[in-house]
Amino acid sequence: MTNFKDINLQVGSRLQVVVRDGVIHYAELIGYLDGEYLIIKTPFKLGFSAHMEVDELITLRILSGVNLVTWMSRIKTIFRAPYSYMHLSFPTDIQSIKLRDGMRGRVELPVQVNDIVGAGVINCISVSGASIVADSALGGGA
């Protein structure tokens, strides 16, 4: 179990919100009152707010450093106007699973494998590897 302060959750953090039917939405953290509640923007998809109800139990996830952090919160209040946001119960049982060996950094580095194979862009790099995006496959299978 992880402590909420260990997550170092910042205002504006993007949270994955999983509702009862398994549908995944994304929301932004507006703020929180330690030990009492979280405030998030109501998730929207295709211009419509996600269907959620007061007292519904939802799962929230965030990638924090090299860990995937997950907890459940209950929707306490939904405000629809003039701004759309929700108050959630404060997390008590927080789970953390290590996903990566090292932090990843977003980059835009052009790369040329060789004259024959092709070029691409490194868009993510870490101490254990990199992600390259290219228009075609950059290697021959053996």
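The values are calculated or read from the model by the stated rules, or taken from the named source; none is laboratory data. Everything quoted here is computed from the prediction, not taken from an experiment. Don't worry about glycine lacking a Cβ; one is built from the backbone with ideal geometry, like all the others, and counts go over all protein chains shown. Areas reflect the complete protein model, heavy atoms only, side chains present, ligands, DNA and RNA absent. Shrake-Rupley method; radii C 1.70, N 1.55, O 1.52, S 1.80 Å.
Per-residue 3J(HN,Hα) values for the range 9-19, derived from phi via the Karplus relation 6.51 cos²θ - 1.76 cosθ + 1.60 with θ = phi - 60°, read 5, 10, 4, x, 4, 8, 10, 8, 10, 10, 8 Hz in sequence order (x marks Gly and Pro). Placing unit charges on the Cβ atoms only, positive for Lys and Arg and negative for Asp and Glu, gives the chain a dipole magnitude near 140 debye about its Cα centre.
Summing charges over all other residues whose Cβ lies under 13 Å from the Cβ of GLY120, with Lys and Arg as +1 and Asp and Glu as -1, gives -2. If you take all other residues with their beta carbon under 12 Å from the beta carbon of PRO43, and give Lys and Arg +1 and Asp and Glu -1, the sum is +2. Here each label is just a point 7 Å from Cα along the line to Cβ, and for SER49 and LYS98 those points are 4.1 nm apart. Per-residue 3J(HN,Hα) values for the range 61-72, derived from phi via the Karplus relation 6.51 cos²θ - 1.76 cosθ + 1.60 with θ = phi - 60°, read 9, 8, 8, 10, x, 9, 10, 9, 10, 9, 8, 10 Hz in sequence order (x marks Gly and Pro). Around the amide H of ALA50, modelled in the peptide plane, lie the amide H atoms of PHE44, LYS45, all under 5 Å away and 5 or more residues distant in sequence or on another chain. At a 1.4 Å probe radius, carbon and sulfur cover how many percent of the accessible area of the chain? Carbon and sulfur: 53 percent of the exposed surface of the chain.
A 1.4 Å probe run over the protein chains yields, for the chain, 65 Å² of accessible area per residue, whole-number rounding.
Think of the range 1-63 as a dipole: +1 on every Lys or Arg Cβ, -1 on every Asp or Glu Cβ, centred on the Cα centre; then among TYR32, ILE58, GLY12, GLY12 lies furthest on the positive end. Here the translational diffusion coefficient of the range 1-62 follows from Stokes-Einstein with Rh set to the Kirkwood radius across Cα pairs; for 37 °C and 0.692 mPa s it amounts to 261 µm²/s. Among residues other than TYR26 with Cβ under 13 Å from its Cβ, the summed charge is +3 (Lys and Arg +1, Asp and Glu -1).
Working note: Cα gyration tensor of the chain, eigenvalues times five, square-rooted, sorted largest first, giving semi-axes of 37, 18, 13 Å.
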